[in-house]
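Q: Quick one: the structure is below, questions incoming.
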Amino acid sequence: MSDPVSRRTALKTMALSGLAALPGPEAEAGILRRGPDGSVRGKMTGAQALVETLLAEGTCCVFGIPGAQENELWDVMKTRKLPYLLVTHEFSAAMMADGYARSTGRPGVLCVVPGPGLTNSLSGIGEALLDSIPLVCVVGDVARGDKYRPFQVHELPQVGLLEQVTKGVFEAKHQAEIPDAVRRAFLLAKSGEPGPAGVVVPYNLLIETYKYHSHPLGEPGVPLDTAAFDCALRLLANRRWRVGIYAGLGCMDFAPALVEVAELLQAPVATSVSGKGVLDECHPLAVGWGYGAQGTVTAEEIFKHVDIVLAIGVRYSEVSTAFYSIPKVPHLIHVDINENNLGRIVKADVCVHADAGIFLARLLEHADELRRAPDGRLQTKIRKLKEEDARRHQKLYARCGADPMAFLLTLRCVLNHDALVFVDVTLAEHWAAEAFTVFQPRTYFNPTDNQAMGWSIPAALGAQVAHPGRQVVTVTGDGCFLMSAMEISTATRAGLPVKFFVLDDQAYHYMQVLQQSAYRRTTATLLARLDYAALAQALGVGYQEINSTAELEAGIRGALSHDGPVLVRVVTDYGKRPVRWIDAAKKRYTDELSAEQKVRFLARISSRALQPHPWND
Ligand SMILES: Cc1ncc(C[n+]2csc(CCOP(=O)(O)OP(=O)(O)O)c2C)c(N)n1
Ligand SMILES: [Mg+2]
């Protein structure tokens with residue numbers, strides 16, 4: 001029988017034999033590694049410090065795929081109970097983090113291997129960059145420093161790749177720098193105009209130990225240019241001038257203040273695509289998306305009579321304006337948290353470098369100077385125009401299969417008001433922007449400025465992780481579906497009950513519409529015929545098929561009543577429904593062609609119009 005050994009003696013022996021660095025159960029469980037103030041302290045490995053800092057920064061889920069360079073990290077995530085979600089493709093990891101961030105307003109986090117893991121994720125990180133979505137991308141790099149050897153697996157220039165699609169990259173060159181790199185990435189992602197930030201940590205640093213003492217960096221400051229604010233206030237206080245508000249994503253967390261300001265000024269409110277939901281679109285002053293020929297007719301008509309546009313938290317990007325088709329208004333006040341966005345596309349009378357929330361709050365402090373009498377005539381006009389818009393939307397164009405607009409309207413009727421809706425890069429995104437009424441902030445999402453096809457499926461999964469009890473649905477074209485459909489298997493594995501609606505027309509209809517008008521024929525637009533029922537079975541999700549407009553309501557209700565994830569094939573006939581966005585963009589594009597280009601384009605179209613059998617696809 002051996003002598004009993006006390007724990008203290010055992011530790012002493014281990015220390016002598018160099019084993020003390022091995023984490024005991026307490027250390028593994030992370031006792032006293034993180035202070036209540038968010039500090040990270042004590043002796044630990046680089047991987048432990050990284051995970052503690054992610055936890056200290058409020059990370060609720062890490063999306064990604066492990067690899068040799070990061071297994072240490074994933075192992076610690078598990079020990080420290082930092083939730084993670086394994087994806088099928090890093091393209092999705094970025095988009096899941098994006099969906100998580102859009103639906104919560106907090107940074108989404110992904111963790112990918114260097115080389116292919118990182119390059120796979122670039123489309124999604126790029127979407128977040130162009131759409132102002134806060135993400136933190138952690139990449140475990142190949143060995144660097146004195147452990148560097150040439151010809152390592154995945155040895156691509158990770159920092160350089162990330163720099164192209166982020167606001168900034170923080171590379172740890174010593175294990176001591178790891179917590180600060182993570183904290184600075186979070187701060188940068190949230191600061192000013194939000195966006196993605198990168199953290200690159202060579203894997204050799206993840207296993208090194210260090211005595212850490214790292215403190216939180218604080219929250220980002222918010223700007224307000226007071227001189228410019230005073231100029232804006234003077235213009236808005238002039239009651240002879242009618243004001244229209246154009247609100248974007250920057251206003252998303254300030255809906256009550258925005259509504260109060262709109263009511264004070266009796267100003268109609270239009271939104272950008274990503275601003276949909278900043279105010280309840282049923283509000284008597286809400287006119288819908290855009291204020292040009294691309295948006296709702298209501299917005300276009302109402303803004304014709306506006307003297308000053310107060311644009312807050314918008315950039316007038318190509319997609320939101322249909323190739324910059326922006327009607328002229330006498331005066332513009334442009335407010336944005338990013339100084340570089342101000343007056344870039346439309347010349348502004350006053351540029352106010354300010355956070356939207358601070359700007360709106362300041363306006364409310366001047367309520368007496370701004371208050372206008374209720375404008376019953378304006379509100380009646382908005383109501384009538386909206387009724388006409390709704391009548392136009394109800395017209396059916398489909399002859400075989402379901403009408404896409406009827407699908408969107410039925411979906412809206414059947415879904416809860418707080419359902420999270422992810423609309424992909426299908427032609428239907430433009431009808432949805434016009435006709436899909438949004439009632440609450442952060443409930444309607446579209447990959448606006450990178451237009452990365454396939455985004456909706458992973459993004460919806462990321463949002464469902466953050467909102468387990470909410471209805472979450474995608475509106476995905478069949479082309480988009482083909483890009484990320486395998487990710488549906490993650491819904492099955494992780495029990496995420498997203499309903500995936502796929503508009504199946506076996507084509508890139510969007511491209512067909514663009515190509516037909518410019519080239520009188522289509523090229524590379526036809527897709528494979530898929531057996532969706534078999535796919536659903538293989539992916540382990542429920543299946544619903546909708547074959548006509550008449551089947552829409554029962555089909556959508558059937559899918560929503562199912563507890564788990566469901567794939568819904570909506571056999572779609574796009575018909576010849578006009579697309580205001582396309583018509584507006586086409587007109588603007590044509591206006592910019594030179595005389596010689598116009599002649600050439602016209603000649604090509606005319607000669608092809610005479611061909612009895614167009615050479616399609
Ligand atoms: C990754 C990517 N590749 C190509 C495009 C160009 N593009 C935009 S829409 C589209 C077709 C979308 O097809 P589908 O999902 O079937 O929707 P539909 O056009 O039929 O409504 C294409 C190819 C893109 N936006 N993103
Ligand atoms: Mg299609």
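Q: In the set TYR543, TYR589, which member is assigned to a helix (DSSP H, G or I), aromatic (Phe, Trp, Tyr) and surrounded by fewer than 18 Cβ atoms within 10 Å (Cβ to Cβ)?
A: TYR589
Q: Exactly one condition in (1) in a helix (DSSP H, G or I); (2) in contact with a helix residue (DSSP H, G or I) (Cβ under 6 Å, 6 or more places away or on another chain) is false for ASP146; which is it?
A: All conditions are met except number (2).
Q: Does the range 63-75 hold any residues that are within 29 Å of the chain's Cα centre (by Cα) and either among the β-branched types (Val, Ile, Thr) or in a loop (DSSP other than H, G, I, E, B) (or both), and which are they?
A: Selection gives ILE65, PRO66, GLY67, GLN69, GLU70.
Q: In contact (Cβ under 8 Å) with a residue 12 or more places away in the chain, within 10 Å of ligand 1 (Cβ to nearest atom) and within 21 Å of GLY295 (Cβ to Cβ): is that true of TYR510 in this structure?
A: When the stated conditions are applied, TYR510 passes them.
Q: Out of the range 463-491, which residues are under 22 Å from LEU415 (Cα atoms), in a helix (DSSP H, G or I) and either away from ligand 2 (no atom under 16 Å from the Cβ) or aliphatic (A, V, I, L, M) (or both)?
A: Within the range 463-491, ALA463, GLN464, VAL465, ALA466, ILE488, ALA491 qualify.
Q: Hey, another quick one. Conditions: (1) away from ligand 2 (no atom under 16 Å from the Cβ); (2) modelled with pLDDT under 95; (3) over 30 Å from VAL297 (Cα atoms). GLN537 meets all but one. Number of the miss?
A: (2)
Q: So which residues in the range 282-292 are in a loop (DSSP other than H, G, I, E, B) and within 20 Å of the chain's Cα centre (by Cα), if there are any at all?
A: Residue satisfying the conditions is GLY290 alone.
Q: Consider the range 547-570. How many of its residues are in contact (Cβ under 8 Å) with a residue 60 or more places away in the chain, part of a helix (DSSP H, G or I) and under 26 Å from GLY462 (Cβ atoms)?
A: Count: 4.
Q: Looking at the range 392-401, which of its residues are out of contact with any helix residue (DSSP H, G or I) (no Cβ under 6 Å at 6 or more places or on another chain) and closer than 11 Å to VAL297 by Cβ?
A: ARG392
Q: Select from the range 414-462 the residues that are within 16 Å of ligand 2 (Cβ to nearest atom) and outside any loop (DSSP other than H, G, I, E, B) and write down the one among them that is farthest from TYR510 (Cα to Cα).
A: ILE457
Q: Tally up the residues in the range 446-472 that are in contact with a strand residue (DSSP E or B) (Cβ under 7 Å, 6 or more places away or on another chain) and either among the hydroxyl-bearing types (Ser, Thr, Tyr) or within 16 Å of ligand 1 (Cβ to nearest atom) (or both), please.
A: 5
The values are calculated or read from the model by the stated rules, or taken from the named source; none is laboratory data. Note that the structure is a prediction, hence the values are computed from the model and not measured. Heads up, the Cβs are rebuilt from the backbone with ideal geometry, glycines too, and the neighbour counts pull from every protein chain shown.
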